[in-house]
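The values are calculated or read from the model by the stated rules, or taken from the named source; none is laboratory data. These numbers come from a predicted model, not from an experiment. We place every Cβ from the backbone using ideal geometry, glycine too, and count neighbours over all the protein chains shown.
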Amino acid sequence: MKTKNINYKWLFLWYLTVCLSGLYEVQLHFNKRNLFQEYQIIVSETQRLEMEWRELQLDYSAFSSGQKIGGTATEKAGMILPDSRKINLLKKHEAN
């Protein structure tokens with residue numbers, strides 16, 4: 001009776017290859033999941049910063065329009081507009 005000679009080295013090599021490729025696939029999915037979580041954090045931070053930037057632009061435009069300056073002067077410094085009858089205009093005459 002003749003028995004077949006099975007080459008176990010090749011079977012073991014194929015088994016190791018399949019196992020290592022499976023482990024590599026699991027590691028890739030894990031890394032992909034972690035990178036996606038980091039991406040979501042970065043996107044939310046970007047949106048928060050964009051909203052803060054828009055608020056700062058609105059505050060700057062309100063402040064530079066003069067309305068906020070007048071309100072701040074009235075509130076914090078107690079400034080009021082003088083009576084228009086008490087305003088004197090001075091003209092400077094220059095010799096050319």
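Quick notes on this structure:
- Among (1) surrounded by 10 or more Cβ atoms within 10 Å (Cβ to Cβ); (2) in contact with a helix residue (DSSP H, G or I) (Cβ under 9 Å, 6 or more places away or on another chain) - the single one ILE80 does not satisfy: (1)
- The residues listed here are PHE12, PHE63; of these, the one that is part of a helix (DSSP H, G or I), modelled with pLDDT under 80, of a type outside the set (Asp, Glu) and surrounded by 10 or more Cβ atoms within 10 Å (Cβ to Cβ) is PHE63.
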